[in-house]
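First up is the structure itself, then whatever we jot down about it.
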Amino acid sequence: MTSLLPQTTPTRSQTADRGEPIERPLSPLKKRARRIDRVLTYVPLALFLIFTLIPFYWMLLFAFRPSGSTSLVLWPITFEHFETVWNGSGFGIYFKNSLFVAVMSLLTSTVIALLGGYALARFKFRGKALFLVAMLCTQFVPGAMMLIPLFEIFNSVGLTDSLWSLIISDTVFHLPLSLILMSGFIRNVPMELEEAAWVDGCTRIQAFRLVVLPLLKPGIVAVGSFAFISAWNNFLFAIMFISSQDQFTVPVGLSYLLGEFGADFGALAAGGVIAIIPVVLLFAYVQKFLVQGLSAGAVKG
């Protein structure tokens, strides 16, 4: 039978007897310090967010706003600029070319980084430390310094004005970082797992494919994401090695939307929106693996 007596709030002594933590009221000085900490934390973050989002909003405004409009509100919405840039400027061809270059660079970089990273992580050979230092030093070489040698090489083998010249150059330039990162990921996989697979009758290749490779998913995502974005955004090699308009990539196509005496800012903004869609979709999918992969690869080097 439920008691009809009013329930009383337990006193501080009763709470202490039960082992529950006692909530002490904050002093006015501590409350003020806590408010100041929140202001100093959230105000800079809000300013940084606004500073980051304003260019994106400005690009969306020009892309979806009708021609001749000066409104700062994204209404009414029109898709005339997207139709102009996709059909009239040949941006659909540029998009396919960029996608082909980025995907092929991703695949080649990831496969070579897996094989080379496994060798660096599992084998000991003479000159290994020197090789790692040499790969790190290549990251300090600007791509502009290699334009003339690369152009001469591609011209001698007939790869100028070909998308394969972009795939090879993109792969070569971000392969050292991919190798170093992937070797760090593989070092984090215990060697005992491979040895257990060998005891069960697996060869080294089978142990790598069945045991090591499934554990490298975050690392593969991290390396592949950097390879894709690097190839997708590359402008310098594309503008130097490609001369035919049907071989242009998205960055080069965007640069040609700027005329000598003017520019169609609506079409330029629409092209920018189309250009960032693959990168946004990629990060939306791989973000849960990206931080995990980068932190795993940075533990051991």
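The values are calculated or read from the model by the stated rules, or taken from the named source; none is laboratory data. Just so you know, these numbers come straight off a predicted model, no measurement behind them. Every residue, glycine as well, gets a Cβ built from its backbone with ideal geometry; the counts of neighbours run over all protein chains shown. Note: areas computed on protein heavy atoms with side chains; ligands, DNA, RNA excluded. Shrake-Rupley method; radii C 1.70, N 1.55, O 1.52, S 1.80 Å.
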**Message:** Kirkwood Rh and Cα-based Rg: tell me the resulting Rg over Rh for the range 95-236, rounded to two decimals.
**Reply:** 1.04
**Request:** Kindly rank 146-152, 95-101, 128-134 from highest to lowest mean number of other beta carbons found within 10 Å of each residue.
**Result:** 95-101, 146-152, 128-134
**Complete:** For the range 30-85, dividing by residue count, accessible area per residue (probe 1.4 Å) in Å² works out to 83 Å²
**Prompt:** Using the Cα atoms as the points, what is the convex hull volume per residue of the range 34-108 in Å³?
**Reply:** 146 Å³
**Item:** the range 23-121: GluC sites (Glu not before Pro) in DSSP loop, at most 16 other beta carbons within 10 Å
**Value:** 23
**Prompt:** Just how large is the dipole of the range 145-202 about the Cα centre, in debye to the nearest 20, putting +1 at every Lys and Arg Cβ and -1 at every Asp and Glu Cβ?
**Reply:** 220 debye
**Fill in**
Under the Karplus relation with 6.51, -1.76 and 1.60 and θ = phi - 60°, whole-Hz ³J(HN,Hα) for the range 76-82, x at Gly and Pro, equal x, 9, 9, 10, 5, 5, 5
**Prompt:** Can you give the Rg and Dmax of the range 83-127 based on its C-alpha atoms, in angstrom?
**Reply:** 18.8, 59
**Request:** Count the net charge of all other residues whose Cβ sits under 15 Å from the Cβ of residue 169, scoring Lys and Arg as +1 and Asp and Glu as -1.
**Result:** -3
**Mean projection area, nm², convex hull over Cα of the range 111-153** = 4.2 nm²
**Label point distance in nm, residue 141-residue 287, each placed 7 Å from Cα along Cα→Cβ** = 3.7 nm
**Request:** Could you state the orientation-averaged shadow area of the convex hull built on the Cα atoms of the range 137-197, in nm² to one decimal?
**Result:** 6.3 nm²
